[in-house]
Amino acid sequence: MDRLDVTECFAGIQFPGHLHTEQSLQYAKEFRFKEGDIVIATYPKSGTTWMQEILTLIYSQGDPEVATTIPNWVRTPWLEHTYFKETLKDGEGPRIITTHLPSEVLVPALQNSKAKVIYLARNPKDVAVSYYFFHKLAKFLPDFDSLPEFVEHFLEGKVHYGSWFQHVKGWYMQRMNFDLFYITYEDLHKDLRRSLKKLCRFLGCPMYSKELDNIEHHCRFEIMSQNPMVNCTLISSEIMDHNKSKFMRKGVVGDWQNHLKEEESAHFDKVFQEKMSDCDLQFVWSLENSEDT
Ligand code: PPS
């Protein structure tokens, strides 16, 4: 069942019909989390795959065996996907569950659970650019003629998985209600070692420095982009056209500067200020001057 051209609407949000059905989304909404479950929650293109790899490596104490032999969608399955039920395993370690669902869908299930949530956010200009190129690669996402056209839809929240603004604010606001660790893609870039230590502390996983060295090494972009278990090259060209773009595309902070014109960036800033005015979140837009907004 490919359903590449189908759009599934759930909780007022559009999802690709490929791997998402009314039933799979409802199952996700009512999922019974267990104590010890770890949930990676992200808006698309925020570094989800990076976090999946980091958690895999934390729970293998830096040994790359699992990360290089088991696809990431098996070891850290997506809660809302049709295959989730069959894929989620009760293994020796904690169950690592990934989701792009917005907080409003999952809060009822999570607030009565003892699951730990890691929310990873990324500056929205880089998210938008990465997401645009992903639309070229992924045949289960709609076509857009140009980046400005896509950015307009993105700013209005009229893209699959909904509004970036609502997603980030919605999850961030839940940090008082359950065990939630908020971190950004840019934090991982700026100081991976420090971010790993903070994550390990949150997860209650003491780590030797040699193990941290190994985790740092194996989750580098250069290594991950060559790993078929995460770089999506195992996915057939009927579902992803690997000639159009790469899943592990650039992996940098500030690539938007190569794609958005000055006036497009200024318009983006204006919408960002308006939509984020009720929130104290800061974002790093480039690492050259580490300018926070
Ligand atoms: S998805 O489809 O939502 O699961 O995509 P997601 O994994 O969230 O985001 C993909 C972007 O993350 C980049 N990425 C990395 N950057 C730096 N280091 C590492 N190790 C890494 N792994 C993934 C990936 O390249 C995508 O960003 P862009 O900007 O398109 O390169």
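The values are calculated or read from the model by the stated rules, or taken from the named source; none is laboratory data. Everything numeric in this text was worked out from a predicted model, so none of it was measured. Don't worry about glycine lacking a Cβ; one is built from the backbone with ideal geometry, like all the others, and counts go over all protein chains shown. Keep in mind that these areas ignore ligands, DNA and RNA; they rest on the heavy atoms of the full protein, side chains included. Shrake-Rupley method; radii C 1.70, N 1.55, O 1.52, S 1.80 Å.
Of note:
- For segment 6-161, share of DSSP beta bridges that run antiparallel, in % to the nearest 5: 30 percent
- Normalised by the number of residues in the chain, the average gap of Cα pairs under 8 Å and 6 or more apart makes the relative contact order 23 percent.
- Surface composition of segment 140-215: carbon and sulfur atoms hold 47% of the protein heavy-atom accessible area at a 1.4 Å probe.
- Among Ile54, Ile215, Ile223, residue whose mean-square fluctuation peaks in a GNM of the chain (springs only between Cα atoms under 10 Å): Ile223
- Projecting the Cα atoms of Ala138, Phe15, Tyr59 onto the charge dipole of the chain, computed from C-beta unit charges around the Cα centre, puts Tyr59 farthest toward the positive end.
- Across segment 233-286, Cα-Cα distances exceeding 19 Å account for 53% of all pairs.
- Separation of alpha-carbon centers, segment 46-75 and segment 160-221, rounded to whole Å: 14 Å
- When you filter the GluC sites (Glu not before Pro) in segment 75-125 for DSSP loop state and at most 15 other Cβ atoms inside 10 Å of their Cβ, you are left with Glu92.
- Loop-resident sites, segment 86-122, for trypsin sites (Lys or Arg not before Pro), counting at most 11 other Cβ within 10 Å (DSSP): Lys89
- Annotation: amide H of Tyr182 within the under-5 Å range of Tyr119, sequence separation 5 or more or interchain, hydrogens built in the peptide plane.
- Shape of segment 152-258, Cα gyration tensor, a/c cut at 1.5: oblate
- Beta bridges from DSSP with both residues in the chain: antiparallel share about 30 percent, rounded to the nearest 5.
- Think of a 1.4 Å ball rolled over the protein heavy atoms: segment 174-231 then has 53 Å² of accessible area per residue.
- Sorting 276-284, 130-138 by average packing, meaning the other beta carbons within 10 Å per residue, from highest down gives 130-138, 276-284.
- For the chain, the mean residue ellipticity at 222 nm estimated from helices alone is -11500 deg cm²/dmol, where every DSSP H run of n ≥ 4 contributes -39500 (n - 2.57) and the total is divided by all residues, rounded to the nearest 500.
- The protection proxy used here, the mean number of other Cβ atoms lying within 10 Å of each residue, ranks peptides 38-49, 191-202 as follows, highest first: 38-49, 191-202.
- Summed side-chain charge close to Gln166 - residues other than Gln166 whose Cβ falls under 9 Å, Lys, Arg +1, Asp, Glu -1: +1
- Diffusion constant of the chain at 25 °C, which comes from Stokes-Einstein with the Kirkwood Cα-pair radius and 0.890 mPa s, µm²/s: 126 µm²/s
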